[in-house]
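The values are calculated or read from the model by the stated rules, or taken from the named source; none is laboratory data. Just so we're clear, the structure is a prediction, and the values are computed from it rather than from any experiment. Glycine gets a Cβ as well: all are built from the backbone with ideal geometry, and neighbour counts include every protein chain shown.
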Amino acid sequence: MTTHNDVVRVGLLGLGTIGVSHAKALAELRHRAQLVAFSGGDGEKAADAGWPEAVQSSPQELLAREDLDVIAICTPSGAHADNALAALGSDHHAVVEKPLALTAAEADRIVSLAESRGLSVHVISQRRLEPEVQAVRRALEEGLLGPLRLATTHVHWWRDESYYSAAPWRGDARAGGGSLMNQGAHNVDLLRWLAGPVEAVTAQSATLAHEPGTEDTTVATLRFASGALGLISTSTATPPGSPATLTLYCARGVVEIGQGELLRWDVDGVPAPQIDAAGTGIGVGASDPAAIGIAGHVQQWTEILDAMQEGRDSSIPGRDGAETVRLLEAITAAAATGRTVTMNELR
C-alpha cells in the first residue's frame, strides 16, 4: 500500500460536481498531492479548481497511465464498482466516492481484488472525521453514554426537478439514484459506525414528489447486534429541506449530531465535550448540494495520503465501506419485498 513518491500523483475519473470538490480539496494539499490527469469536465473546470496544468484524458487513457499512484473515482454511483475494479486492475490505488458500489457483492469484489494485489481502496466517508462525530465516538468507546437503546437518523432534504434533469442518473435506481443511496448514504454510514453492526432491517419506500424511476422517500427500522433498535428516514421530497440529524438514545442520556455541530448533549453526569468546529466549512446540503463545503474532503484526503505514505490502511478502508453498502442494499431489498432482510443474506 506504499507509494514511493513524496508527492502522490492522482488521476481524477469524473470532473462533475463532486469531482470538482475533490480537485479543490487536492489543491489545498498541493504540497503532498498532484492532480496529473482528469476525465470529464473540461480544462476550464480543472483550472478553476486549482489545476490548470492537469491533462484531460479519456477514462480509458487515464486508467492506462503509468504516472499515477491513485485514481479518485467521482463518476455516477452506478459506475463506481466497474471503475474501482478497473483502477485496481491497472495497479492503481483507488479512492472511491460514496457509495463504494451499489451491491454488497460488487463491494466485496473490490475489496478482494485490492487485497489480492496489495493495493488500497478508500471510501469517502468524510463525515466520520467531523469533530462532533469523533467526540461522540470516543464517548461511546469509553462507556460514558451507557448502552445504546435507540439510534435514529433523518435526512429530510429537497431537490427540485432541475437537480434531476441536470444529471438523469440521480433519478435512476439502477444507476445509484434515490434518496437512500445518494443523499442518505453518509448518515447511514455514520449510524452504522456509531451504533454498531446491524442484524436485520425492514423498510418502505415511495416516490412522492418526482418522476418515477427511483424512490425519493425511504423509511427503515433496524435491529442492531447489540439488541438496540434504529430508525432511518431519507427524502428529497420535503421542501424546503432540513439539516440532517443523527440521535443516539443511550442508558445515560441523549446525544444529537447535526451537520457540522453537536445539537444536543443531555447525558447524566457527563459534561458536553468542548468542540472547536469554527471555520470547518462543512456546509449544509439540505436544499442545495453545492452548499456542501470541501473541508471534509480535505480532511479525508489528508488521512488517505498519510496512510498511503506510511503503508497502512486508512481509518475508513474499503472493507468498512462494503459493510455500509450491505446495509443500504438490505434496506432497498426490504422495501422492495416487504419482508425482514438480514445482513447474513447478503454475505
> Is it the case that T234 is among the polar types (S, T, N, Q), surrounded by fewer than 20 Cβ atoms within 10 Å (Cβ to Cβ) and under 28 Å from T337 (Cβ atoms)?
Replying inline: no
>> Taking the criterion of being under 24 Å from E106 (Cβ atoms) and not in a helix (DSSP H, G or I), would at least one residue in the range 47-60 satisfy it?
In response: yes
>> Pull out all pairs, ordered by first then second residue, where Cβ-Cβ is under 6 Å, the residues are six or more apart or on different chains, the first lies in the range 198-215 and is without any contact (Cβ under 8 Å) to a residue 40 or more places away in the chain and surrounded by fewer than 23 Cβ atoms within 10 Å (Cβ to Cβ), and the second is of a type in the set (A, V, I, L, M) and not in a loop (DSSP other than H, G, I, E, B).
In response: L208/A237; A209/A237
> Do you know which residues across the range 216-231 are more than 17 Å from W157 (Cβ to Cβ) and either without any contact (Cβ under 8 Å) to a residue 24 or more places away in the chain or surrounded by 16 or more Cβ atoms within 10 Å (Cβ to Cβ) (or both)?
Replying inline: T221, L222, R223, F224, G227, A228, L229, G230
> In the set L119, L144, L129, which member is more than 16 Å from A322 (Cβ to Cβ), touching a strand residue (DSSP E or B) at 6+ places or on another chain (Cβ under 8 Å) and surrounded by fewer than 23 Cβ atoms within 10 Å (Cβ to Cβ)?
Replying inline: L144
>> Between a residue in the range 42-69 that is within 18 Å of D91 (Cα to Cα) and any residue that is at pLDDT below 95 and crowded, with 16+ Cβ neighbours inside 10 Å, which pairs come within a Cβ distance under 7 Å, given they are 6 or more apart or on different chains?
In response: D69/T3
> Quick one: how many residues across the range 143-188 are part of a strand (DSSP E or B) and touching a Pro at 6+ places or on another chain (Cβ under 8 Å)?
Replying inline: 1
>> Name the single residue that is farthest from A307 (Cα to Cα) among those in the range 110-134 being assigned to a loop (DSSP other than H, G, I, E, B) and of a type outside the set (S, T, N, Q).
In response: E130
> In the list A94, A37, A107, which residue meets the criterion of being part of a helix (DSSP H, G or I), surrounded by 16 or more Cβ atoms within 10 Å (Cβ to Cβ) and modelled with pLDDT of 95 or more?
Replying inline: A107
> When V10 is evaluated against the numbered criteria (1) in contact with a Leu (Cβ under 8 Å, 6 or more places away or on another chain); (2) surrounded by fewer than 21 Cβ atoms within 10 Å (Cβ to Cβ), which criterion, by number, is the only one it fails?
Replying inline: (2)
>> Of the conditions (1) in the same structural domain as P131 (by TED's automatic domain parsing); (2) crowded, with 17+ Cβ neighbours inside 10 Å; (3) in a helix (DSSP H, G or I); (4) at pLDDT below 95, A290 satisfies every one except a single condition; which number is it?
In response: (2)
>> For the range 196-253, give me each residue that is among the acidic types (D, E) and over 30 Å from G143 (Cβ atoms).
In response: E211, E215, D216
